[in-house]
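What follows is a single structure, written as structure tokens, with notes after it.
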2 protein chains.
Amino acid sequence: MARSPSDTRRPLTLRDVSEASGVSEMTVSRVLRNRGDVSEATREKVLEAARTLGYVPNKIAGALASQRVNLVGVIIPSLSNLVFPEVLSGISAELEDTGLQPVVGVTDYSPEKEERVLYEMLSWRPSGVIIAGLEHSTGSRAMLENAGVPVVEIMDVDGPGVDAVVGISHRRAGRQMAEAIVAAGYRKIGFLGTKMPEDHRARKRLEGFREGLEEAGIPLTDTEFYAGGSALLKGREMTEAMLARTPELDFLYYSNDMIGAGGLLYCLEKGFDVPGQLGLAGFNGVELLDGLPRQLATMDACRHEIGRKAAQIVAARAATPGPGGEIIELQPVLERGDTVRMR
Amino acid sequence: MARSPSDTRRPLTLRDVSEASGVSEMTVSRVLRNRGDVSEATREKVLEAARTLGYVPNKIAGALASQRVNLVGVIIPSLSNLVFPEVLSGISAELEDTGLQPVVGVTDYSPEKEERVLYEMLSWRPSGVIIAGLEHSTGSRAMLENAGVPVVEIMDVDGPGVDAVVGISHRRAGRQMAEAIVAAGYRKIGFLGTKMPEDHRARKRLEGFREGLEEAGIPLTDTEFYAGGSALLKGREMTEAMLARTPELDFLYYSNDMIGAGGLLYCLEKGFDVPGQLGLAGFNGVELLDGLPRQLATMDACRHEIGRKAAQIVAARAATPGPGGEIIELQPVLERGDTVRMR
DNA sequence: CCGCGCTATGTTAGCGTTAACAATGGGCTT
DNA sequence: AAGCCCATTGTTAACGCTAACATAGCGCGG
């Protein structure tokens, strides 16, 4: 397993293994990749030699020679959002035994950083790219179009994609929530969400939500936006601020579950009648909500499933090149929880 | 930016750019890497050509030729733990302008998977490896020893490392918490934590905690372990179960903040006198706690700082090879919050 | 016992880039 | 005007591996 004799720290190559086992480099390569016919005897001899030397193949050289790279670039805005790790887990699970490996890049919701990360990724010539969102800089879009590999844009289907798209309609999700709220009889509605101008999905949810309310002839009574900080705490603070400013509100729609949870905790503490006097809802369906004193109404964003489907598309096309352009719209499900009254 | 004429989808190479700009490949390479002297005129000509073609350099070939890879492998057990994304953010921040790029691998707390991920990473010949924990399989350890690149084991300093180590002493952290609890006058103490046998850091905290109690002549009255599921919910359920079984408990020490938060919510709901009759504490110092109705006592695990320091070590040694073996022990700080009484 | 068709192994020629060194040429010194 | 230097550009040979083809040996049918 080690390299005791003459440890000159010259990195090991196929040649070392080939010399140690008395066969050609090609044969060693074949053994190590399980490709082509090799007799059982040589196979074992080679594996033994590789193991005692502690040889680790050089994929850089391998990739250059074979023009194949078993990496899939995954570009997401953030890792601290909870949502994206879940998408990632779907991707990893699906890629598990395809021989492909996800490589993650984080953009911090910045189009410039996205462009840099994408450039960096493409320079490794991955077998595919999975990227969050449909909105990209001109440069990024051009790179995606010319990459010559499968591209899957995820999370969102409200808009044109470069190639394949897997996600939900956030606009529709917002609208559906509006309809449910109106149907439950709430009339004075407030929205609380992120300020981030680059969070297009939150924006689309709000737009859909507004549309849904408008159709019922109900205005959006108040809005409040935040940026940064502990989401749970922000939810709490924003709720307090909004209710102080607009006490007549009877429903609060939060752009994500975390601030919604903060709001819920605040309302319960204050002894408000939830959902009787005041209804609450969030978005995403994060696991965290299960542990709250009351179930916050939410809408599952199909995060794991989005990851799986996206990975499937990449894996399928890495195996057999096809035309591409698949559009998969998943349907988020409204989970009413305990914070929307029944009628 | 695009590739309109004769779009044969042959991947672009340096040669294409060199032909388009009328200089040699070498000169193009120099321009694109800002290396060596190139006249301003050619520089612009080349950049222009590269831009209009939409050329993206092939780092695989570059890395093979130069024997330099600007990647740092980061191997962590999980992304859904909240703790690790924070470590990652420290690493990214520090690596930001070193030209190095983190590449993340996830082990799911499995030594076998760790070994596979490590092998995969090393096969890309990264400039360094940052890996969580000190406990590895024999194979992994051998790979780390022979990798010939800087290795930084993070999170934990309780034990021997392969090369550099950055972390806190979880044993000491457990002991400190025990001392604080005893000093506050609590005597009937329960521990709630993960069952995962591979979470060595949680184990060490428990060991240290036990030691600390023993020294004060106080036994650990009850323990409860869980695996999987929503941590917040589990915390709630375990707390209920434990208090039903052992009602005389006056303190609950949770192995992480998430289950601690669940426990706190449960206790508040039940109207228990916290911290008077029942004290609570968690571990990690996650941001989430800020939004809770009451501040849970916890101990900051210095996650961001650990990431930064580890990245610093790798970056420094990638620039100037040194001896290695740095050991950096950070000191977690007890944050008493509102759930440990003052005396 | 010849040669066909295997299977097992070896040989050759890149993959696209960069390190190292070589060449070119114009200006400047003497 | 010869020679030299420097800035700039080009040439050559890897880097470590794999695709594609070549070869060696061996059993076996006719």
Rounded to the nearest 10 degrees, the helix A:257-269 long axis (Cα) sits at an angle to the longest Cα principal axis of chain A of 40 degrees
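Once you sort the root eigenvalues of the Cα gyration tensor of the stretch A:170-300 as a ≥ b ≥ c, which label holds: rounded (a/c under 1.5), prolate (a/b larger than b/c) or oblate (the other case)?
It is rounded, given that a/c, with a ≥ b ≥ c, falls under 1.5.
Mind checking the dipole of the protein assembly as shown: about its Cα centre, +1 per Lys or Arg Cβ, -1 per Asp or Glu Cβ, Debye to the nearest 20?
With only Lys, Arg, Asp and Glu charged at Cβ, the dipole is about 1060 debye.
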For chain A, set up a Gaussian network in which alpha carbons nearer than 10 Å are linked by springs, and say which option among A:Leu47, A:Leu118, A:Leu280 fluctuates the most.
A:Leu47
Cα centroid distance between the stretch A:180-228 and the stretch B:115-183, in Å?
46 Å
In a Gaussian network model over chain A where Cα atoms closer than 10 Å are linked, find which of A:Arg171, A:Arg30, A:Arg245 has the largest mean-square fluctuation.
A:Arg30
If the label for A:Glu135 sits 7 angstrom from Cα along the Cα-to-Cβ line, what are its distances to the same label in every other copy, in nm to one decimal, shortest first?
4.6
Sorting from shortest, the nanometre distances separating the label point of A:Lys113 (7 Å past Cα along the line to Cβ) from those of the same residue in the other copies are 2.6
Could you pull the copy-to-copy label distances for B:Glu211, with points set 7 Å along Cα to Cβ, in nm to one decimal and sorted shortest first?
6.2
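Under the √(5λ) rule applied to the eigenvalues of the Cα gyration tensor, what semi-axes describe the equivalent ellipsoid of the stretch A:1-121? Give them in Å, descending.
Numbers: eigenvalues 285, 55, 38 Å².
That gives 38, 17, 14 Å for the three semi-axes.
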What shape does the protein assembly as shown have by the C-alpha gyration tensor, where a ≥ b ≥ c are the square roots of the eigenvalues, rounded means a/c under 1.5, and otherwise prolate means a/b greater than b/c and oblate the rest?
oblate
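Give me the compactness ratio for the stretch B:14-57, meaning the Cα radius of gyration over 2.2 N^0.38 Å.
For the stretch B:14-57, the normalised Cα radius of gyration comes out at 0.95.
Over the stretch A:170-300, what is the relative contact order in whole percent, taking alpha-carbon pairs under 8 Å and six or more residues apart?
Dividing the mean separation by the residue count of the stretch A:170-300 yields 25 percent.
Report the FRET efficiency, 1/(1 + (r/R0)^6), for B:Glu25 and A:Arg33, where r is their Cβ-Cβ distance and R0 is 41 Å, rounded to 0.05.
Rounded to the nearest 0.05, the efficiency is 0.85.
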Most fluctuating residue given options A:Asp37, A:Asp158, A:Asp108, as computed from a GNM of chain A linking Cα atoms under 10 Å
A:Asp37
Can you tell me, using C-alpha contacts under 8 Å and at least 6 residues apart, the relative contact order of chain B as a whole percent?
17 percent
Cα-projected label distance for B:Lys113 with B:Ala244, points at 7 Å along beta-carbon direction, nm
3.2 nm
Pairs over 25 Å Cα to Cα, from A:Lys195/B:Lys270; A:Lys113/B:Lys113; B:Lys234/B:Lys270; A:Lys113/B:Lys309; B:Lys113/B:Lys204, come to A:Lys195/B:Lys270; A:Lys113/B:Lys113
Cα gyration tensor category, rounded, prolate or oblate, for chain A with a/c compared to 1.5
prolate
Dipole check, the stretch B:176-231, charges on Cβ (K,R +1; D,E -1), about Cα centroid: among B:Phe191, B:Ala216, B:Ala178 the Cα furthest to the positive pole belongs to B:Phe191
Rounded to the nearest Å, what's the spacing between the alpha carbon centres of the stretch B:58-94 and the stretch B:249-288? Just the number, please.
36 Å
If each part is reduced to its alpha-carbon centroid, the stretch A:303-343 and the stretch B:17-34 end up apart, in Å, by 43 Å
Selection from A:Ser78, A:Ala164, B:Ile76, by position along the positive dipole direction of the protein assembly as shown (Cβ)
A:Ala164
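Taken together, the values in this text are just the output of simple stated rules run on the coordinates, not laboratory data. From a predicted model like this one, the values you see are computed outputs, not experimental measurements. Counting neighbours? That spans all protein chains shown, and the Cβs are built from the backbone with ideal geometry, glycine included.
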